[in-house]
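A.B. asks: Structure provided below as structure tokens; questions to follow.
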Amino acid sequence: MDISQRIKEDILNSKLPRGVPLRQVVLSEQYGVSRIPIRDALLSLKVEGWLVPHGKAGVMIPDLNWKEAEDLSLMRAELECLLLDMAFGCILPEDIAKARCLTNRLNEPQLSLIGRGELNWLFHHTLYSPANRPALHRVVEGLNKQAIRYLGFQYGPLGYRQKSQNQHEVLLNFIESGNKTDAIDCLRQHILHAGTLLSNYLKAM
């Protein structure tokens, strides 16, 4: 696991403080590497939305909030359903088989939260790639990478992991049977239901 991934994992597990500047020299000592890979990791995480600017040149971990969680789910639902619509007629049996393999890997108990988030994106990526719409795909990938920041809630107190897995299988069944309308509706509900649960949970905190 590279430094960027290690920092993400520690953010998800609340091992790094939110709302205060992250110091390169402190992180360098904490992770046992020079300041150069720390600097590069912080720049990458800032681009992905995991960190936000603080002061003139610093960064910090932002608080999680229900409005962002809701916005991410609303944007994902619209754009991912559009991608699935474009991809549907080009999804091959081998794509479905690969997606099922990824779903099975998501059941492995030793996976880290970051690992689960990345596998979950790969599942969706496999179904959207046949659309061959790289610009739209990049935007959707960025939204998914930001959404990983909330997995600690979805797979923790919300207990959504098994329901998400069940919905993945239903989605694949619809695609396999050529039922485009129900597949797109299933994907939309899959994203929006998880987003609503999460935003309501964050509102109540």
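The values are calculated or read from the model by the stated rules, or taken from the named source; none is laboratory data. This is a predicted model, so every value here is computed, not measured. Note: ideal-geometry Cβ built from the backbone for every residue, glycine included; neighbour counts use all protein chains shown.
A.B. asks: Just give me the residues in the stretch 53-72 being surrounded by 13 or more Cβ atoms within 10 Å (Cβ to Cβ), under 22 Å from the mean Cα position of the chain (by Cα) and not in a loop (DSSP other than H, G, I, E, B), in sequence order.
C.D. replies: Listed by number, the residues that qualify are VAL59, MET60, ILE61, TRP66, GLU68, ALA69, GLU70, ASP71, LEU72.
A.B. asks: So which of GLU70, GLU9 ends up being outside the structural domain of ILE175 (by TED's automatic domain parsing), in contact with a helix residue (DSSP H, G or I) (Cβ under 8 Å, 6 or more places away or on another chain) and in contact (Cβ under 8 Å) with a residue 40 or more places away in the chain? Full working, then the answer.
C.D. replies: On the way: GLU70 fails: outside the structural domain of ILE175 (by TED's automatic domain parsing).
None of the others qualify; the one that does is GLU9.
A.B. asks: Take the residues of the stretch 1-38 that are among the acidic types (Asp, Glu) and either modelled with pLDDT of 90 or more or surrounded by 14 or more Cβ atoms within 10 Å (Cβ to Cβ) (or both): which is nearest to GLU118 (Cα to Cα)?
C.D. replies: Here the residue is GLU9.
A.B. asks: Going by what's in this entry, would GLY152 be described as over 17 Å from GLU48 (Cβ atoms), part of a helix (DSSP H, G or I) and in contact with a helix residue (DSSP H, G or I) (Cβ under 9 Å, 6 or more places away or on another chain)? Steps first, please.
C.D. replies: Values: over 17 Å from GLU48 (Cβ atoms): no; part of a helix (DSSP H, G or I): yes; in contact with a helix residue (DSSP H, G or I) (Cβ under 9 Å, 6 or more places away or on another chain): yes.
For GLY152, the condition - over 17 Å from GLU48 (Cβ atoms), part of a helix (DSSP H, G or I) and in contact with a helix residue (DSSP H, G or I) (Cβ under 9 Å, 6 or more places away or on another chain) - is not met.
A.B. asks: Ok, one more. Can you tell me which residue within the stretch 171-195, out of those that are touching a helix residue (DSSP H, G or I) at 6+ places or on another chain (Cβ under 7 Å) and over 15 Å from CYS81 (Cβ atoms), is surrounded by the most Cβ atoms within 10 Å (Cβ to Cβ)?
C.D. replies: LEU172
A.B. asks: Continuing with this model, one more query. State all residues of the stretch 92-118 that are assigned to a helix (DSSP H, G or I), surrounded by fewer than 16 Cβ atoms within 10 Å (Cβ to Cβ) and of a type in the set (A, V, I, L, M); if no residue qualifies, say none.
C.D. replies: Passing the criteria: only ALA97.
A.B. asks: Out of (1) out of contact with any helix residue (DSSP H, G or I) (no Cβ under 7 Å at 6 or more places or on another chain); (2) closer than 26 Å to ARG188 by Cβ, the odd one out for PRO53 is which?
C.D. replies: All conditions are met except number (2).
A.B. asks: If you take the residues of the stretch 134-150 that are among the basic types (Lys, Arg) and crowded, with 17+ Cβ neighbours inside 10 Å, which of them is nearest to the chain's Cα centre (by Cα)?
C.D. replies: Out of the qualifying residues, it is LYS145.
A.B. asks: Also, I was wondering about something else. Within the stretch 77-87, does at least one residue satisfy the condition of being out of contact with any Cys (no Cβ under 7 Å at 6 or more places or on another chain) and either at positive phi or β-branched (Val, Ile, Thr) (or both)?
C.D. replies: no
A.B. asks: Can you pull out the residues in the stretch 126-159 that are among the basic types (Lys, Arg) and either within 16 Å of MET205 (Cβ to Cβ) or out of contact with any Asp or Glu (no Cβ under 9 Å at 6 or more places or on another chain) (or both)?
C.D. replies: ARG133, ARG138, ARG149
A.B. asks: Quickly run through the stretch 73-91 and pick out the residues that are of a type in the set (A, V, I, L, M), touching a residue at least 60 places away in the same chain (Cβ under 8 Å) and part of a helix (DSSP H, G or I). I'd like the intermediate steps shown before the answer.
C.D. replies: Filtering the stretch 73-91 down to residues of a type in the set (A, V, I, L, M) leaves 74-75, 77, 79, 82-84, 86-87, 91.
Narrowing further to those that are touching a residue at least 60 places away in the same chain (Cβ under 8 Å): 74-75, 77, 79, 84, 91.
Residues satisfying the conditions are LEU74, MET75, ALA77, LEU79, LEU84.
A.B. asks: Keeping to the stretch 164-189, report how many residues are modelled with pLDDT under 95 and within 22 Å of GLU78 (Cβ to Cβ).
C.D. replies: The total comes to 1.
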